[in-house]
């Protein structure tokens, strides 16, 4: 009887404490939600494009409004919600890739409202995980990025995880089943589905030198885009001198009927003298039987020139040699780059391009950006000039 009484007492205590524990848990969740913070991000941009072969010049005046909410942390969990709206202010006299205005040059900022991010994150010790629609950037975004320059950011419906085994070593994995592209929220080009696997291993040799190894298996539903890429990326700092080297090998994916194998090589060196930074570098994307090395998920505007002529690598591959001079004058960040383009597999010249950027932070909230890109063709594509003026406010 004493034994039965003992178990009966424990059962009663369990029944009494379980609701109390559940109430405490619910209270913790509510407090985490109340502790959350909202955010407002406004980005106005005027983009002008004059392109040979187009009947009219593009004049795109757009406003991106981003509303966000991030909860407090509860038991290691944190919620993030973000909604974007892109609106044309005035006439949409540009080809947004969706508005059927092909007489204008492309400015890939279609109008629309969509969920930009909706994710549940968890962190414990060195482990982190994120489930839902999220931003994913790997390394310098040359292969995997968010295309943050465009008004409609590229995000991913995915499960991502990372584990920091030590101060020096971090391993990351992501499974992606849909890419929410910059051409959304509507239309055939808005989404890119498939079974995509990203594996990255980052090792910091010391504070000055780091290495990233990566393997990206991009099994797109559009089988002709499927590929596998294995690569390594090195960054080193030597006092005033910095060095970046990268190599990657790409082959066809499992469902791709095409057969190819290509290489990517990149190298750049920078020298910092007071407020002036000088960089010289180059990239080479090879081609195999007319099928070139492609990086469909990269932040491509960041590479191979702001004019966006080479968003798709030409059939004969691409070599891009460039020099950049950057500095600061009267608290204005200035940079200028010159690119010389050619085919990697032949002697054909693709032309040259000049890029100029100016960035002025007015205060902690407002920032003004101006950019210029001029591309001079040499038997490939067409001449074009692009001008941007942007005002960015974060609250």
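The values are calculated or read from the model by the stated rules, or taken from the named source; none is laboratory data. This one's a predicted model, so the numbers in the text were calculated from it and none came from an experiment. With ideal geometry, Cβ positions are generated from the backbone for all residues, glycine too; neighbour counts draw on all protein chains shown.
Inspect segment 283-299 for any residue being in a strand (DSSP E or B) and free of Cβ contacts under 8 Å to residues at least 24 places away in the same chain and give the result as yes or no. No, segment 283-299 contains no residue that is in a strand (DSSP E or B) and free of Cβ contacts under 8 Å to residues at least 24 places away in the same chain. Of the residues making up segment 350-367, those that are free of Cβ contacts under 8 Å to residues at least 24 places away in the same chain and in a strand (DSSP E or B) are 354, 356. How many residues does segment 88-116 hold that are closer than 15 Å to residue 151 by Cβ and surrounded by 14 or more Cβ atoms within 10 Å (Cβ to Cβ)? Qualifying residue count, segment 88-116: 17. Selection within segment 100-121: residues that are over 22 Å from the mean Cα position of the chain (by Cα) and in contact (Cβ under 8 Å) with a residue 12 or more places away in the chain. The member of this set that is farthest from residue 385 (Cα to Cα) is 103.
For residue 129, are the conditions met, namely being assigned by TED's automatic domain parsing to the domain that holds residue 369, under 24 Å from residue 76 (Cβ atoms) and assigned to a strand (DSSP E or B)? Here the answer is yes, as residue 129 does meet what is asked. In segment 382-395 there is at least one residue that is assigned to a loop (DSSP other than H, G, I, E, B) and within 20 Å of residue 105 (Cβ to Cβ).
Residue pairs whose Cβ atoms lie under 6 Å apart, sitting 6 or more positions apart in sequence or on different chains, and linking a residue in segment 155-173 that is over 13 Å from residue 127 (Cβ atoms) to a partner that is assigned to a loop (DSSP other than H, G, I, E, B), are 155/135; 156/136. Here residue 72 qualifies as closer than 30 Å to residue 30 by Cα, in the same structural domain as residue 118 (by TED's automatic domain parsing) and over 20 Å from the mean Cα position of the chain (by Cα). Scanning segment 310-340 for residues that are assigned to a loop (DSSP other than H, G, I, E, B) and under 26 Å from residue 251 (Cβ atoms) returns 310, 311, 312, 313, 314, 315, 316, 317.
Among the residues of segment 28-58, those identified as touching a residue at least 40 places away in the same chain (Cβ under 8 Å) and over 29 Å from residue 149 (Cβ atoms) are 28, 29, 31, 32, 33. Take residue 265 and tell me if it is closer than 24 Å to residue 136 by Cβ and in a strand (DSSP E or B). Answer is no for this residue. Taking first residues from segment 132-147 that are over 22 Å from residue 118 (Cβ atoms) and outside the structural domain of residue 68 (by TED's automatic domain parsing) and partners that are buried (at least 21 other Cβ atoms within 10 Å of the Cβ) and modelled with pLDDT under 95, no Cβ contact under 8 Å between residues at least 6 apart in sequence or on separate chains turns up.
To keep it simple, each residue is scored yes or no on (1) in the same structural domain as residue 264 (by TED's automatic domain parsing); (2) over 21 Å from the mean Cα position of the chain (by Cα); (3) surrounded by fewer than 17 Cβ atoms within 10 Å (Cβ to Cβ).
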{"site": "194", "(1), (2), (3)": "yes, no, no"}
{"site": "197", "(1), (2), (3)": "yes, no, yes"}
{"site": "204", "(1), (2), (3)": "yes, yes, yes"}
{"site": "207", "(1), (2), (3)": "yes, yes, yes"}
{"site": "226", "(1), (2), (3)": "yes, no, no"}
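Of all the criteria given as (1) closer than 13 Å to residue 199 by Cβ; (2) touching a helix residue (DSSP H, G or I) at 6+ places or on another chain (Cβ under 8 Å), the one not satisfied by residue 149 is (1).
Of all the numbered requirements in (1) surrounded by fewer than 10 Cβ atoms within 10 Å (Cβ to Cβ); (2) modelled with pLDDT of 90 or more; (3) over 28 Å from the mean Cα position of the chain (by Cα); (4) farther than 30 Å from residue 376 by Cα, residue 37 misses one, and that requirement is (3). When we screen 232, 182, 176 for residues that are at pLDDT 95 or above and not in a strand (DSSP E or B), the only hit is 182. Against the test of being more than 23 Å from the chain's Cα centre (by Cα) and touching a residue at least 24 places away in the same chain (Cβ under 8 Å), the options 340, 316 yield a single qualifying residue, 316.
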